[in-house]
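Remarks on the structure that follows.
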Amino acid sequence: MKKIYSTNRLVLRTIDTSFTRRVLDYYTRNKDFLMPWEPKREQNFYKPITHRKTLRREQDLINNLSMLRLWIFKKEDTGFERIIGTLAFSNIVRGCFQSCFLGYKLDKDEINKGYMSEALEKGIEVMFHDYKLHRIEANIIPRNEASINLVKKLGFTNEGLSKKYLKINDIWEDHYHMVLLNEDME
């Protein structure tokens with residue numbers, strides 16, 4: 001089921017395999033820019049079949065309410081031709097936890113324009129109000145000051161440092177656990 005949300009300047013939406021080439025274009029344009037913050041990418045990552053499979057798998061997770069990935073488009077791009085970023089609420093856990101992990105990335109040519117703040121504000125609203133989650137956790141490499149400042153601006157607090165938490169660009173990196181709680185939930 002397609003989900004579409006809008007903000008003042010953006011459209012955030014789920015996508016299907018018909019967007020494979022646009023996803024590949026996004027990652028190809030931003031390959032060097034994203035490299036310091038992501039797992040090492042093998043050559044297969046930059047082939048359409050990889051993204052087609054990922055989009056199918058993520059659609060199943062979205063349908064099962066265990067993930068929500070929203071792709072970011074500018075509102076004036078009415079044909080949804082150019083992806084400028086994505087945010088993902090993954091590993092949604094229900095029961096007494098009501099929590100998820102947050103990951104996000106933006107096109108190198110669109111940073112410092114407030115787009116990610118705008119997109120995250122909407123995404124957080126959806127997760128807290130529609131999905132009824134209590135906690136969102138973003139794990140961030142300590143040297144990624146821009147990302148830390150962004151989530152702090154949105155109300156996240158630092159709950160501590162995990163040593164060698166994720167293997168990023170082939171190196172085990174420490175990460176801060178930045179957490180936002182849904183204070184409206186009992």
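Is there any pair linking a residue in segment 149-161 that is farther than 12 Å from Tyr176 by Cα and exposed (fewer than 12 other Cβ atoms within 10 Å of the Cβ) to one that is modelled with pLDDT of 95 or more and polar (S, T, N, Q), with Cβ under 9 Å and at least six apart or on different chains, and which?
Listed by first residue and then by second, the contacts come to Lys153/Ser117.
Can you tell me which condition Trp71 does not meet? The list is (1) open to solvent by less than 40 Å² (accessible area, probe 1.4 Å); (2) at pLDDT below 95, and all the others hold.
With respect to (1) open to solvent by less than 40 Å² (accessible area, probe 1.4 Å); (2) at pLDDT below 95, Trp71 is out only on (2).
Mind counting the residues in segment 74-97 that are of a type in the set (S, T, N, Q) and at pLDDT below 95? Reasoning before the result, please.
Of segment 74-97, the ones of a type in the set (S, T, N, Q) are 78, 86, 90-91.
Next cut, at pLDDT below 95 only: 78.
Looking only at that region, the number is 1.
If a residue must be touching a residue at least 24 places away in the same chain (Cβ under 8 Å) and either assigned to a strand (DSSP E or B) or exposed (fewer than 14 other Cβ atoms within 10 Å of the Cβ) (or both), how many such residues does segment 91-103 contain?
Going through segment 91-103 one residue at a time, the tally reaches 8.
Does Met127 qualify as being closer than 23 Å to Trp71 by Cβ and in contact with a Leu (Cβ under 6 Å, 6 or more places away or on another chain)?
Judged against the criteria, Met127 is a match.
Cβ-Cβ distance below 8 Å, separation of 6 or more or different chains: which pairs start in segment 8-27 with a residue that is under 20 Å from Phe45 (Cβ atoms) and open to solvent by less than 20 Å² (accessible area, probe 1.4 Å) and end on one that is among the acidic types (Asp, Glu) and modelled with pLDDT of 95 or more?
Within 8 Å, the pairs are Tyr26/Asp107.
Can you name the residue in segment 112-135 that is of a type in the set (Lys, Arg) and more than 10 Å from Asn182 (Cβ to Cβ) and is also surrounded by the most Cβ atoms within 10 Å (Cβ to Cβ) among such residues?
Of everything passing the filter in segment 112-135, Lys122 is surrounded by the most Cβ atoms within 10 Å (Cβ to Cβ).
Anything in segment 28-56 that is farther than 24 Å from Lys74 by Cβ, open to solvent by less than 80 Å² (accessible area, probe 1.4 Å), touching a helix residue (DSSP H, G or I) at 6+ places or on another chain (Cβ under 6 Å) and not hydroxyl-bearing (Ser, Thr, Tyr)? List them, or say none.
Selection gives Arg52 alone.
The values are calculated or read from the model by the stated rules, or taken from the named source; none is laboratory data. Nothing here was measured: the structure is a model prediction, and the numbers come from that model. With ideal geometry, Cβ positions are generated from the backbone for all residues, glycine too; neighbour counts draw on all protein chains shown. These area figures cover heavy atoms from the full protein model, side chains too; ligands, DNA and RNA do not enter into them. Shrake-Rupley method; radii C 1.70, N 1.55, O 1.52, S 1.80 Å.
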